[in-house]
1. Go through region 1-14 and report how many residues are assigned to a loop (DSSP other than H, G, I, E, B) and open to solvent by less than 100 Å² (accessible area, probe 1.4 Å).
2. Restricting attention to region 15-36, and to residues there that are open to solvent by 90 Å² or more (accessible area, probe 1.4 Å) and more than 30 Å from L48 (Cβ to Cβ), which single residue is nearest to the chain's Cα centre (by Cα)?
Amino acid sequence: MTWLMRMARWVRHPPSMLQVKIVAAVIFAVIAIVVIDKLGYWPEWARLNPKAMRAIRP
């Protein structure tokens, strides 16, 4: 029900074109980063090492 109320509000007051462009640019950037990473072109220094995050630091 909450989603229906939100959709009705968007129909009555749609977001501005600037907001739509910003969201589209962010989605495009995320997709581009994922594709670059999957192709193996993402630099090693920019990757996250999950084991290092679990280490106990004094």
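The values are calculated or read from the model by the stated rules, or taken from the named source; none is laboratory data. These figures come from a predicted structure and were not determined experimentally. Backbone-built Cβ (ideal geometry, glycine too); neighbour counts: all protein chains shown. The accessibility values were calculated without ligands, DNA or RNA, using every heavy atom of the protein model including side chains. Shrake-Rupley method; radii C 1.70, N 1.55, O 1.52, S 1.80 Å.
1. 1
2. My answer is L18.
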